[in-house]
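Visitor: One structure coming up, written as structure tokens, with questions to follow.
Every number in this text was worked out from the coordinates using simple rules, so none of it is lab data. Small disclaimer: the values here were computed from a predicted structure and weren't measured. All Cβ positions, glycine included, derive from the backbone under ideal geometry; neighbour counts span all protein chains shown.
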């Protein structure tokens, strides 16, 4: 199962709101996919280098995911990138960071069933 399939299944759950269900797959694809952020592995590396290694380690393991805040994620991705994504997809910037922070740990968790990300992530 690819990362986008995983995200679609997460977003089809009853907990996913209308905004998340319609926008977040596209935004996460850009952030995690082949966009200028370098894919899921590159985002994980950026998070580890920025001091969020404990969070990333928890997402890769079978235990509970340690959360990250929207502000922390925005810091790692860069304010300019988050503003660009918010503008591009018509998502209020104050909502984009928290949405990404909610779904990124789940995406990493689902993409790493054996505790490591696939080389294509």
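Visitor: What nm distance separates the two modelled labels at residue 110 and residue 88, each placed 7 Å from Cα along Cα→Cβ?
Guide: If labels sit at residue 110 and residue 88, their model points lie 2.1 nm apart.
Visitor: Order these by the 10 Å Cβ neighbour count, fewest first: 106, 83.
Guide: Arranged by neighbour count, lowest to highest, 106, 83 become 83, 106.
Visitor: Any idea how far apart residue 66 and residue 50 come out in nm if each label point goes 7 Å out from Cα toward Cβ?
Guide: 1.5
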